[in-house]
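To keep things clear, I will list the structure first and then write my remarks on it.
Read the figures in this text as sums done on the coordinates, not as results from a lab. None of these values were measured; they are calculated from a predicted model. Glycine gets a Cβ as well: all are built from the backbone with ideal geometry, and neighbour counts include every protein chain shown.
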Amino acid sequence: MNNGMILLTAHDLINGDRQADYGTPAENLARVAELWAAYTGHPFTAYDVALMLALLKIAREAHRHKPDNLIDGAAYLGLAADVAGTSGKNETLKEE
């Protein structure tokens, strides 16, 4: 699978019909952030969740190549960009 197919597949995942099942990506990531915060006692944002899930996929890819790792990793990074862009200034983002 080439880079174009990976990115197109990631795009389809982000913009597919999952919203009917899980809500918008921002809503779903925010729910995960709330649960992680409750479990750890450490605050998380939807942006944090998206980046950490991308890191999960990178860790899996470091162990063994699987196209799914690359597709999902790209999708999570795309969602991180969406969340950062739609939520205004995010406390986890550093000003440049």
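Of the residues contained in the range 74-85, none is found to be small (Gly, Ala, Ser), touching an Asp or Glu at 6+ places or on another chain (Cβ under 8 Å), surrounded by fewer than 18 Cβ atoms within 10 Å (Cβ to Cβ) and not in a loop (DSSP other than H, G, I, E, B). Summed over the range 54-81, the residues that are closer than 20 Å to residue 3 by Cβ and either of a type in the set (Gly, Ala, Ser) or in contact (Cβ under 8 Å) with a residue 12 or more places away in the chain (or both) give a count of 19.
Restricting 10, 37, 30, 50 to residues that are part of a helix (DSSP H, G or I), under 21 Å from residue 70 (Cβ atoms), small (Gly, Ala, Ser) and without any contact (Cβ under 8 Å) to a residue 60 or more places away in the chain narrows the list to 50.
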